[in-house]
1. Does Leu74 satisfy the criteria of being modelled with pLDDT of 95 or more and surrounded by 10 or more Cβ atoms within 10 Å (Cβ to Cβ)?
Amino acid sequence: MAVRNYGYQYETSPRKIRPEYNTPREKQVAKKTNKKTMARQESNIRKRQQEAMKAQKKLYRKAKFSIFTKAILLFAILFLVLFRNSQISERFAKIQNLKSEITTLQKENDQLEINIQNSLNLNTIEQSAKELLGMQKLTNKQTHYISILKKDYVEHRTEEVVIEEQKGFFEGLIEKLKSVF
């Protein structure tokens, strides 16, 4: 197996290997460039960290907002459920009150029917006529008999009444032809 080196093994490589030795001027330039690159790298690192912090804050705000909206939605749903239950119980109470009113009215109706039946009794009618209107029973002196002749009586008919319907011209013609043939 070949050993891997960071440099190239052969000089035919198109890439040039930088020599390890530097001149003093090159060292100063290298230090300055190294400082600049280091400063750039540090500023890039800071920017990345700031961007990462901003992204984290953004994610935190989004999570906070989503939790807040979910909580509000949950409370809204609970409120609607409680509101609906209160309406149901209110209507149930109204129904119960109406049922109790119906039963009391039915009892009153029954009592009034009984009172009407009692007032229709002949004894109570006679008593109220005597007391309130001052009426009395008929005596023999107040009774007059009349004789009626038999001619004035109405007799009931025992025969059946047949009503003939009027027939149209064509129906009458057809019946006459049937009777002839």
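The values are calculated or read from the model by the stated rules, or taken from the named source; none is laboratory data. All values reported here derive from a predicted model rather than from experimental measurement. Counting neighbours? That spans all protein chains shown, and the Cβs are built from the backbone with ideal geometry, glycine included.
1. In short, yes.
Let's see how each residue does on (1) hydroxyl-bearing (Ser, Thr, Tyr); (2) modelled with pLDDT under 95:
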| position | (1), (2) |
| --- | --- |
| Arg84 | no, no |
| Ser89 | yes, no |
| Ile95 | no, no |
| Ser100 | yes, no |
| Thr104 | yes, no |
| Gln117 | no, yes |
| Leu122 | no, yes |
